[in-house]
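Each remark here refers to the structure printed beneath this line.
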Amino acid sequence: MAEPLSAQRPVPIAESELYFLIARYLSAGSCWRAAQVLVPELAQCQLLPKGLDWESNQHNRSYEELVLPSKDVAPDHVLQICQRIGPMLDEEITAGISRVASLFGAGRQSLLLTAKGNLI
């Protein structure tokens, strides 16, 4: 069996939080079976956000351990974030066509476009 990804490199907090939010989104929707596959994989690969004990030692947390204290994080939290990205970027960057409501934009319609017109 391959070594867990996190044993090979540290997982940035934004990446581990994104994995958690994706699993949370899938678990409450039509693809709940995908979440049943994803959650054990995230645990095995140690990709979920770590916890700290009272001595500030890091430890792995399970998906369930993350859901309990995150009651204010709705299952569709990642969707809400995605829906806010476009309008926020429209204010900052002048795109070819404003308010294109798609995450799939490419070229001048890409959400990865910087204020200078370059792609990240």
ask   = Within segment 75-86, which residues are closer than 15 Å to Ser27 by Cβ and surrounded by fewer than 14 Cβ atoms within 10 Å (Cβ to Cβ)?
value = Leu79
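Please list, ordered by residue number, the helices (runs of 4 or more DSSP H) wholly in segment 1-106 having 2 or more residues that are at pLDDT below 90 and closer than 27 Å to Asn118 by Cα.
Details: elements: 5-8, 13-27, 32-44, 63-67, 77-92.
Helices (runs of 4 or more DSSP H) meeting the threshold: 77-92.
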request  = Determine the pairs where a residue that is β-branched (Val, Ile, Thr), located within segment 49-63, has a partner that is surrounded by 14 or more Cβ atoms within 10 Å (Cβ to Cβ) and in a loop (DSSP other than H, G, I, E, B) with Cβ atoms under 6 Å apart, the partner being 6 or more residues away or on another chain.
outcome  = none
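The values are calculated or read from the model by the stated rules, or taken from the named source; none is laboratory data. These figures come from a predicted structure and were not determined experimentally. Counting neighbours? That spans all protein chains shown, and the Cβs are built from the backbone with ideal geometry, glycine included.
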